[in-house]
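For reference, the structure discussed in these notes is given below.
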Amino acid sequence: MLGTAASAATIPTTTAHAANTIRRAFHTNPFNSLSSSHHSILCARFRCLSLRSFTDVSTKAMSHPQTLDAPHSQSSSAGNKQALISLSDKKDLALLGKGLQELGYTIVSTGGTASALENAGVSVTKVEQLTCFPEMLDGRVKTLHPNIHGGILARRDQKHHMEALNKHGIGTFDVVVVNLYPFYDKVTSTGGITFDDGIENIDIGGPAMIRAAAKNHKDVFVVVDSQDYPALLEFLKGSQDDQQFRRKLAWKAFEHVASYDSAVSEWLWKQTVGDKFPPSLTVPLSLKSSLRYGENPHQKAAFYVDKSLSEVNAGGIATAIQHHGKEMSYNNYLDADAAWNCVSEFRNPTCVVVKHTNPCGVASRDDILEAYRLAVKADPVSAFGGIVAFNIEVDEALAKEIREFRSPTDGETRMFYEIVVAPKYTEKGLEILRGKSKTLRILEAKKNEKGKLSLRQVGGGWLAQDSDDLTPEDIQFNVVSEKKPQDNELCDAEFAWLCVKHVKSNAIVIAKDNCMLGMGSGQPNRRESLRIALRKAGDEVKGAALASDAFFPFAWKDAVEEACESGIGVIAEPGGSIRDGDAVDCCNKYGVSLLLTNVRHFKH
């Protein structure tokens, strides 16, 4: 019986002819037209005759009893080189198929991929012709077969591997090109998907082939991305082997499968339990761009987009469209994110100016031009070189104001900004802003959805929490002082409260008439943050509202009394201090309204 290394070495020409006859039989006699007896005879015969001749390989095996040390390229030349192609995304399939065929590869393929190749004029051997078994279980079983995986996983330098293939009439694969069922697109589609449909879109055979080929990348090229087709074809035209090229393709293959599995895991967890904090968590990140440097020039950096299912169409700076300007830097992303998150929370037309992730100017007005001027006026020194964000469309009039507005400090210096970010722009508005500066980055972003998971890295681990989505509409401002605030004072307190949420702790914001007058941020003690905010607010502090991101630990001869003495009209703070009573008494003494929210807004 044929099948051992010794007998394979003596296969006569007539045997090769018989193999070709069987191959033709498979092409002209589909399984559904064969009787069970014909099918059994044909498969039994075919198992003895591989699509690949092992004559030279087996001869080398006898002369080298331990290993086959010939390079892969030489062993491939002993018979037909084979490529296995199975694709859901058939982009550039014809290019790949014709390129491989021109290089002398026999192409083995499945279902729709095989049909697409044939339609493109590429000769194809169907998988069932190798497995002697039809596709079954609604396509769940096609390639899960030793005749496929044996040909992928066999090590060419191992004698016993090659003897096993020869014994069972299995040919090797030199190239495996596979991508997976579009699970990600299906479960994130606008119309949604049923649980059963989601399960059916989980690929099994594809990941198995990809992982097998990637594991055996020393002998098998594995490709999962159509962008790699030209590089593969160009490489195959050469005579040199490059293990680094193979390893890069293998890495990409394992990354592709890992990202796919993370999407399945995320989806299934939500279908099963739904808790936001699973026992283990995988976050698939995709490189968007390499950055010039990180926070500082000596730090290398890159920007990744979160490909989690929960982030699909969920908005944010990561998916913003850049219409103009220099490439984004590490610090640009941080500042733009802070500005966009802040301005997106306001309902009325609003402008926010940010410097080093802190809002230094915020104003809401029906007239967005006035809002812009007031936001800059709050701290024009800090605003220069900052980020300007709007929550409404930037039209021609607003674009001209951004381009021409002079600094309130001297009335002459034209304001300079790193970034302008808005939900949309008119065509004329974009044209005008592009003319302001070649370097001005113009971003169009979508509002962040609520309920996102917030992640932050610490040494050796990650902190996860709900995003801080509470706004003044979600909380109660409880009056605990003798003096009750007027309606306009309450509105000022709510505005200041929404602003202080976005300022680094310890944070104080002073505001009046929907406009930030001053802010103090990032100080180790709240008293210093208060003094900074009061200094920036100046004489406008009289009757203004003050918001604190956390409670005041002391009142008398401390921050609360200083605020009251400065002329503040209403104070909003979370409360919770053992000295809250002192704060109430202090406000009562000076005739200031005190509101407790029972909600803290720390931001570190």
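Filtering L530, L546, L534 for residues that are within 19 Å of A496 (Cα to Cα), open to solvent by 10 Å² or more (accessible area, probe 1.4 Å), outside any loop (DSSP other than H, G, I, E, B) and without any contact (Cβ under 8 Å) to a residue 60 or more places away in the chain leaves a single hit, L534.
In the condition set (1) farther than 19 Å from H604 by Cβ; (2) within 19 Å of the chain's Cα centre (by Cα); (3) open to solvent by 70 Å² or more (accessible area, probe 1.4 Å), N448 is compliant with all but (3).
Taking region 68-140 and the helices (runs of 4 or more DSSP H) fully enclosed by it, the elements with 1 or more residues that are open to solvent by 70 Å² or more (accessible area, probe 1.4 Å), farther than 22 Å from G206 by Cβ and modelled with pLDDT of 85 or more are at 93-102.
Please verify whether D241 is open to solvent by 10 Å² or more (accessible area, probe 1.4 Å) and more than 23 Å from L93 (Cα to Cα), treating the condition exactly as stated. Against the criterion (open to solvent by 10 Å² or more (accessible area, probe 1.4 Å) and more than 23 Å from L93 (Cα to Cα)), D241 qualifies. Closer than 17 Å to K81 by Cβ, in contact (Cβ under 8 Å) with a residue 40 or more places away in the chain and not aliphatic (A, V, I, L, M) - does that describe any residue in region 174-196? The answer is yes; a qualifying residue exists. Six or more apart or on different chains, Cβ atoms under 6 Å: show the pairs whose first residue is in region 430-448 and closer than 17 Å to F390 by Cβ and whose second is open to solvent by 50 Å² or more (accessible area, probe 1.4 Å) and hydrophobic (A, V, I, L, M, F, W, C). Once the first residue is closer than 17 Å to F390 by Cβ and sits in region 430-448, its partners that are open to solvent by 50 Å² or more (accessible area, probe 1.4 Å) and hydrophobic (A, V, I, L, M, F, W, C) give E444/I321. Applying the condition of being more than 20 Å from A338 (Cβ to Cβ) and under 29 Å from the mean Cα position of the chain (by Cα) to region 395-426 and asking which residue is surrounded by the most Cβ atoms within 10 Å (Cβ to Cβ) yields Y425. Taking the criterion of being free of Cβ contacts under 8 Å to residues at least 40 places away in the same chain and under 23 Å from E370 (Cα atoms), the residues of region 512-527 that qualify are K512, D513. Restricting the search to region 203-219, which residues are open to solvent by 40 Å² or more (accessible area, probe 1.4 Å) and touching a residue at least 60 places away in the same chain (Cβ under 8 Å)? Matches in region 203-219: I204, K215, K218.
So for region 222-235 (the condition being within 16 Å of the chain's Cα centre (by Cα), among the hydroxyl-bearing types (S, T, Y) and modelled with pLDDT of 90 or more), does at least one residue qualify? No, that holds for no residue. Within region 141-165, restricting attention to residues that are more than 25 Å from A114 (Cα to Cα) and in a helix (DSSP H, G or I), the residue that is most open to solvent (accessible area, probe 1.4 Å) is H160. The single condition from (1) modelled with pLDDT under 95; (2) open to solvent by 60 Å² or more (accessible area, probe 1.4 Å) that C491 fails is (1). Among residues that are under 24 Å from D474 (Cβ atoms), of a type in the set (D, E) and open to solvent by 10 Å² or more (accessible area, probe 1.4 Å), D580 is included.
For (1) among the aromatic types (F, W, Y); (2) open to solvent by less than 30 Å² (accessible area, probe 1.4 Å), each residue gets a yes or a no:
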{"residue": "F277", "(1), (2)": "yes, no"}
{"residue": "L291", "(1), (2)": "no, yes"}
{"residue": "Q299", "(1), (2)": "no, no"}
{"residue": "F303", "(1), (2)": "yes, no"}
{"residue": "K326", "(1), (2)": "no, no"}
{"residue": "K355", "(1), (2)": "no, no"}
{"residue": "D367", "(1), (2)": "no, no"}
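Residues in region 318-350 that are closer than 15 Å to K450 by Cα and among the hydroxyl-bearing types (S, T, Y): S344 alone. Look at region 497-508: where a residue is farther than 7 Å from S521 by Cα and a partner is surrounded by 24 or more Cβ atoms within 10 Å (Cβ to Cβ) and aliphatic (A, V, I, L, M), sitting 6+ places away or on another chain with Cβ atoms under 6 Å, you get W497/A547; W497/A572; C499/V362; C499/V509; C499/M516; V500/A507; V500/V509; V500/A547. Filtering region 583-597 to residues that are surrounded by fewer than 18 Cβ atoms within 10 Å (Cβ to Cβ) and touching a Gly at 6+ places or on another chain (Cβ under 6 Å) leaves nothing. Pairing each residue of region 322-350 that is without any contact (Cβ under 8 Å) to a residue 40 or more places away in the chain and closer than 24 Å to D469 by Cα with any residue that is assigned to a loop (DSSP other than H, G, I, E, B) and not acidic (D, E), provided the two are 6+ apart or on different chains, yields C-beta distances under 7 Å for L334/T357.
When region 549-574 is limited to residues that are surrounded by 21 or more Cβ atoms within 10 Å (Cβ to Cβ), assigned to a loop (DSSP other than H, G, I, E, B) and among the hydrophobic types (A, V, I, L, M, F, W, C), the one that is modelled with the highest pLDDT turns out to be I568. Could you count how many residues in region 166-194 are open to solvent by less than 10 Å² (accessible area, probe 1.4 Å), aliphatic (A, V, I, L, M) and touching a Gly at 6+ places or on another chain (Cβ under 9 Å)? Total satisfying the criteria: 1. In region 468-479, the residues that are open to solvent by less than 40 Å² (accessible area, probe 1.4 Å) form Cβ pairs under 7 Å with partners that are among the small types (G, A, S) and modelled with pLDDT of 90 or more, at six or more places apart or across chains, as follows: F477/A493; F477/A572.
The values are calculated or read from the model by the stated rules, or taken from the named source; none is laboratory data. Because the structure is predicted, anything quoted here is derived from the model rather than measured. Every residue, glycine among them, receives a Cβ derived from its backbone with ideal geometry; neighbour counts consider all protein chains shown. The area values use the complete protein model at the heavy-atom level, side chains included, leaving out ligands, DNA and RNA. Shrake-Rupley method; radii C 1.70, N 1.55, O 1.52, S 1.80 Å.
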